[in-house]
Amino acid sequence: MSDRRLRELGWYPELEPMLAEGRKRGLQAARVMAASRTFSTLLAGDGRQLKSRIPGRLHHLARRGGLLPVVGDWVLHRPGRPGREGVVDAVLPRKSAIVRQAPGRAVPQVICANVDTVLIVTGLDQDYNPRRIERYLALVGGSGAEAVVVLNKMELCRDLERCLNEVRNLGCPAVLPVSALRGEGLDALAPWLRKGMTLAMLGSSGAGKSTLANRLLGEERQVVGRLSERDGKGQHTTTQREMLVLPGGALLIDNPGMREIQLLQETTTLEEAFPDIVELGRACRFTDCRHHREPDCQVKEAVASGRLDEVRYQNFLKLQQELESREKIR
Ligand SMILES: Nc1nc2c(ncn2[C@@H]2O[C@H](COP(=O)(O)OP(=O)(O)OP(=O)(O)O)[C@@H](O)[C@H]2O)c(=O)[nH]1
Ligand SMILES: [Mg+2]
Ligand SMILES: [Zn+2]
């Protein structure tokens, strides 16, 4: 039987037979708190953090559809001798997986696993965009996790009722206004923060995910970034995905801010994703302008004059290129 301590880290009974088999071979179960291509930081049932190597065998299997550890995974590992790192032996089946579209890659990428609840964190400043929230809801919809929309920076919102209604109309029953900075509204998160529950925060850079993590931790552990003075966006302060253990025993994954392009579904068209650019492009000299190297391009003109965000334009070019290469493959 697995002990209570594993359950407190989010263990689920379906994995029990695999652990029993693994124990016969001297393997132990642990949860991935941080992951790179070569190493995982594991949290063991006794609360210890261990460094464990990803052997070539797992990379080899991954090329044929096997799993490589991501944050939130349960793994079987062989502990190292005292003071030495161990080795990850196997990644156990996932009960949920948060997947994003990686730019320039055909296969969607799993960013974290075994999450019970995704907190879709949006700032009620320039970040607020119901259409983007809708895309996050679609992404979480297929993951096996429950979605909760956290409307952060509530003290900056002039018409909170309107925003709340707008987001509730997207079909998500749980919409919570909070101020991570001031520590307001956080009690409403309690039902999702019980011991052994796993949460992951998704949202754009600057939405306040790490600020919220620090609030829930009760200490300034995660680095918080400033917003750019030019466009009020975040600066991708968090770069490492990491699982944190909250004082009440819930596990919280702080993610780096997502870029617009990583939210796009397989079926997305350029027109759906970038209606503003399509609109600007109506005035280009060539009707089939790709807004890249063509002369008299109104889209490039809008970037040059600051009316169109440079990063958004770059994302447009990336998606255009990606869609064209998909066409070629077909
Ligand atoms: N006014 C206000 N500002 C906030 C609030 N929460 C966070 N911020 C500010 O928003 C900025 C970005 O916060 P972060 O917590 O670093 O944002 P993040 O989502 O972790 O961003 P990345 O790590 O880049 O993805 C900081 O200047 C925070 O002080 C809030 O409730 N109200
Ligand atoms: Mg952050
Ligand atoms: Zn153009």
Exercise. Using DSSP, restrict attention to beta bridges with both residues in the chain and report what percent are antiparallel, rounded to the nearest 5.
Key: 55
Exercise. Before rounding to the nearest 500, sum -39500 (n - 2.57) across all DSSP H runs of length at least 4 in the chain and divide by the residue total; then give [θ] at 222 nm in deg cm²/dmol.
Key: -7500 deg cm²/dmol
Self-check item: Share of Cα-Cα pairs in the chain lying beyond 35 Å, as whole percent
Solution: 29
Quiz item: Which is the longest stretch in the chain that no exposed loop site breaks, taking sites as GluC sites (Glu not before Pro) with a DSSP loop state and at most 10 other Cβ atoms within 10 Å?
Solution: 1-218
Self-check item: Members of LYS51/LYS153; LYS51/LYS195; LYS95/LYS153; LYS24/LYS195; LYS209/LYS300 lying beyond 27 Å, as alpha-carbon distances in this model show
Solution: LYS51/LYS153; LYS95/LYS153; LYS24/LYS195; LYS209/LYS300
Quiz item: Relative contact order for the range 4-91: what is it in percent, counting Cα pairs under 8 Å that are at least 6 residues apart?
Solution: 28
Practice problem: Describe numerically, in nm with one decimal, the distance between label points set 7 Å from Cα along Cα→Cβ at MET18 and at ASP187. | Solution: 4.1
Self-check item: Gain on full stretching of the segment that runs from ARG78 to ARG63 - 0.36 nm per residue minus C-alpha separation
Solution: 3.1 nm
Exercise. Go through the range 176-271 and name the trypsin sites (Lys or Arg not before Pro) that are in a DSSP coil and have 11 or fewer other Cβ atoms within 10 Å of their Cβ.
Key: ARG194, ARG226, ARG230
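A short reminder: the numbers here are calculations on the coordinates, not readings from a lab. None of the values given here were measured: they were computed from a predicted structure. Counting neighbours? That spans all protein chains shown, and the Cβs are built from the backbone with ideal geometry, glycine included.
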